[in-house]
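J.: Handing you a structure now.
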Amino acid sequence: ELEPFLAEARAQLHEEADYVKEAAHLRTFHSLLNDDPRFALPAYIPELSSPRVLAMDFIASDDIETVESAPQKVRDRVALEMIELTLKEMFSFRVMQTDPNFANYRFQSDTGRIVLLDFGATRALPDQIVSDYSELFRAALFDADDAELIKPAIALGLLTEDLDDKYRAAIMAMLRLVFTETTRTPQFDFATS
């Protein structure tokens, strides 16, 4: 059903243009990542901002895609840091920048820091969502049986109660594959997967 996704997209577009709210999200992320030297965020400039203008300082950086030509060690580190940030946002901060557009991430090759931009699509995560994802991860990571994996998958909308068995089996196999490959393989090769 597309309508719930379209309604969410419409709401998100309106929020993306709410610069007062985005400034608050930027300040939140500053406080959450203030002591983490792996990330850089622009500073909010309130005296130049308004409900229609969000002013921030400039951080010299390159497109995140420039990491593609960096040495493997740098690429691995940046990927790990991005994954760690996503997991921290979900399970520790309980607030997430939900716009995965690559333009929202930049890279400073001289410092090795990842620059984070655009907090207009930031969402506070309800406790139930965090709990359901935690249950899903726990079940998958500790090889729980399908019944334990299905419960949080249904709660998160990845499966429905009335889903045909063959589709349910295919989705369950995908979930198992993702968790197995990304957690039990010493070095996961995204390029060949």
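J.: Here's a check for you: in segment 1-26, which residue that is outside any loop (DSSP other than H, G, I, E, B) and more than 14 Å from residue 123 (Cα to Cα) is most open to solvent (accessible area, probe 1.4 Å)?
T.: This residue is 5.
J.: List the number of the failed condition for residue 60; all other conditions in (1) surrounded by 15 or more Cβ atoms within 10 Å (Cβ to Cβ); (2) in a loop (DSSP other than H, G, I, E, B) hold.
T.: Evaluating residue 60 over (1) surrounded by 15 or more Cβ atoms within 10 Å (Cβ to Cβ); (2) in a loop (DSSP other than H, G, I, E, B) leaves (1) as the failure.
J.: Does residue 111 qualify as being outside any helix (DSSP H, G or I), open to solvent by 30 Å² or more (accessible area, probe 1.4 Å) and among the hydroxyl-bearing types (Ser, Thr, Tyr)?
T.: Against the criterion (outside any helix (DSSP H, G or I), open to solvent by 30 Å² or more (accessible area, probe 1.4 Å) and among the hydroxyl-bearing types (Ser, Thr, Tyr)), residue 111 qualifies.
J.: Can you find a residue in segment 24-38 that is free of Cβ contacts under 8 Å to residues at least 40 places away in the same chain, among the small types (Gly, Ala, Ser) and within 30 Å of residue 157 (Cβ to Cβ)?
T.: The answer is yes, given that some residue of segment 24-38 is free of Cβ contacts under 8 Å to residues at least 40 places away in the same chain, among the small types (Gly, Ala, Ser) and within 30 Å of residue 157 (Cβ to Cβ).
J.: Also, I was wondering about something else. Being outside any loop (DSSP other than H, G, I, E, B) and of a type outside the set (Ser, Thr, Tyr) is the filter here, so list the residues in segment 27-54 that pass it.
T.: Passing the criteria: 27, 29, 30, 32, 33, 39, 40, 46, 47, 48, 53.
J.: Take the residues of segment 119-171 that are over 22 Å from the mean Cα position of the chain (by Cα) and surrounded by 14 or more Cβ atoms within 10 Å (Cβ to Cβ): which is farthest from residue 87 (Cα to Cα)?
T.: 163
J.: Right, another one. On the basis of being in a helix (DSSP H, G or I), among the polar types (S, T, N, Q) and more than 12 Å from the chain's Cα centre (by Cα), does residue 92 make the cut?
T.: The answer is yes for residue 92.
The values are calculated or read from the model by the stated rules, or taken from the named source; none is laboratory data. Predicted, not measured: the structure shown is a model, and the values here were computed from it. So basically every Cβ, Gly included, is an ideal-geometry build from the backbone, and we count neighbours across all protein chains shown. Note: areas computed on protein heavy atoms with side chains; ligands, DNA, RNA excluded. Shrake-Rupley method; radii C 1.70, N 1.55, O 1.52, S 1.80 Å.
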